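Take a look at the structure set out below.
Nothing in this text is a laboratory measurement; each read-out follows from the coordinates by a stated rule. Just so it is clear, the structure is predicted and the values come from calculations on it, not from any experiment. Cβ atoms come from the backbone with ideal geometry, glycine included; neighbour counts cover every protein chain shown.
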Amino acid sequence: MIVAIDGPAGCGKSTIAKLLAKRLGFYFLNTGSFYRAVTYAHLQKGLDPKDKESVLESAKQINISVNNGNICIDGKDVEDKLHGPDVDLNASYVSSDPRVREIITSRVREVAANMDIVTEGRDTTTVIFPNAEYKFYFDASPEIRAERRIKQHPEGQTYEEVLRDIILRDENDKNKEVGALKISKDAIYIDTSYLTIDQVCEKVVSVMGKDLT
């Protein structure tokens, strides 16, 4: 069974997806981490992430697997390497090439085959798993998402700076030529703005209902 979740940055989808996977006894799969893995491997070779042809070769050659929810390259767990500043800065270049996205989409589907998973990303319900048994779109107002980000990283940017960045990212994500953030027509919409993590999980579980018995 596949439970797929999409939504804008900061809406809580990663946190909730992980908790939901644990509660259901499913595997957790973050589709965006696959692009980060390609970015990390490419940078480790000293190559330019803006060079689309060399990025494409890296995507073709990389051996990505998942172990206990963590991304591995050539069998080595690299999960803790995927959120450094260099990867953060360059992952968008890697994920912008339709050819790379096609390769990664195929790889994600291979990894997920014959597994019960909760997966989240930006185009998880619309492109990667359009036939998922359950599809959800989580949302929250930009202001709420900015407040959450500040609570997570109080030593970082100001509220105004975080809010500005979130609004800008929303605009960029919704207008990407490939992999744009969209609400799938058959996804269940959940506004997480004033819900706790547990309350959102309860909503998802209640929707799944009889399939969990």
- prompt: Within the stretch 33-82, restricting attention to residues that are part of a helix (DSSP H, G or I) and of a type in the set (D, E), which residue is nearest to D116 (Cα to Cα)?
  reply: E79
message: Condition first: basic (K, R) and crowded, with 18+ Cβ neighbours inside 10 Å. Can you find one or more residues in the stretch 156-174 that meet it?
response: no
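Collect the residues in the stretch 143-160 that are more than 19 Å from T15 (Cα to Cα), without any contact (Cβ under 8 Å) to a residue 12 or more places away in the chain and touching a helix residue (DSSP H, G or I) at 6+ places or on another chain (Cβ under 9 Å), keeping them in residue-number order.
Of the residues in the stretch 143-160, the ones more than 19 Å from T15 (Cα to Cα) are 155-160.
Next, from what is left, pick out any that are without any contact (Cβ under 8 Å) to a residue 12 or more places away in the chain: 155-158, 160.
Hits for the stretch 143-160 are G156, Q157, T158, E160.
Assess whether Y27 counts as being touching a helix residue (DSSP H, G or I) at 6+ places or on another chain (Cβ under 6 Å) and among the aromatic types (F, W, Y).
No, not satisfied.
Output the residues belonging to the stretch 24-48 that are among the small types (G, A, S) and closer than 30 Å to V205 by Cα. Don't jump to the end; show me each part of the working.
Filtering the stretch 24-48 down to residues among the small types (G, A, S) leaves 25, 32-33, 37, 41, 46.
Selection gives G25, G32, S33.
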- prompt: Just one of the numbered conditions (1) surrounded by 16 or more Cβ atoms within 10 Å (Cβ to Cβ); (2) touching a strand residue (DSSP E or B) at 6+ places or on another chain (Cβ under 7 Å); (3) in a loop (DSSP other than H, G, I, E, B) is not true of V204; which one?
  reply: (3)
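Only one of D139, D173, D186 is touching an Asp or Glu at 6+ places or on another chain (Cβ under 8 Å) and not β-branched (V, I, T); which? Outline the logic, then answer.
Working: D173 fails: touching an Asp or Glu at 6+ places or on another chain (Cβ under 8 Å); D186 fails: touching an Asp or Glu at 6+ places or on another chain (Cβ under 8 Å).
From the options D139, D173, D186, the qualifying one is D139.
Rundown of residues vs (1) closer than 25 Å to D186 by Cβ; (2) assigned to a helix (DSSP H, G or I); (3) among the hydroxyl-bearing types (S, T, Y); (4) without any contact (Cβ under 8 Å) to a residue 60 or more places away in the chain, yes/no style:
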residue: V87; (1), (2), (3), (4): no, yes, no, yes
residue: Y93; (1), (2), (3), (4): no, yes, yes, yes
residue: R99; (1), (2), (3), (4): no, yes, no, yes
residue: I104; (1), (2), (3), (4): yes, yes, no, no
residue: V111; (1), (2), (3), (4): yes, yes, no, no
residue: N114; (1), (2), (3), (4): yes, no, no, yes
residue: T119; (1), (2), (3), (4): yes, no, yes, no
residue: V127; (1), (2), (3), (4): yes, yes, no, yes
- prompt: When the stretch 178-202 is examined, which residues are found to be free of Cβ contacts under 8 Å to residues at least 24 places away in the same chain and within 17 Å of A132 (Cβ to Cβ)?
  reply: K185
query: Within the set of pairs 6 or more residues apart or between chains, which connect a residue that is farther than 19 Å from D88 by Cα and touching a residue at least 24 places away in the same chain (Cβ under 8 Å) inside the stretch 49-62 to a residue that is surrounded by 11 or more Cβ atoms within 10 Å (Cβ to Cβ) and of a type in the set (K, R) with Cβ atoms less than 7 Å apart?
result: none
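Can you pull out every residue in the stretch 36-70 that is on the phi > 0 side of the Ramachandran plot and surrounded by 14 or more Cβ atoms within 10 Å (Cβ to Cβ)? Walk me through it before giving the result.
Going through the stretch 36-70, the residues on the phi > 0 side of the Ramachandran plot turn out to be 46, 68-69.
If the condition is that a residue be on the phi > 0 side of the Ramachandran plot and surrounded by 14 or more Cβ atoms within 10 Å (Cβ to Cβ), then G69 is the only one that fits.
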field: Identity of the residue in the stretch 141-199, among the acidic types (D, E) and not in a helix (DSSP H, G or I), that ends up nearest to G7 (Cα to Cα)
entry: D191
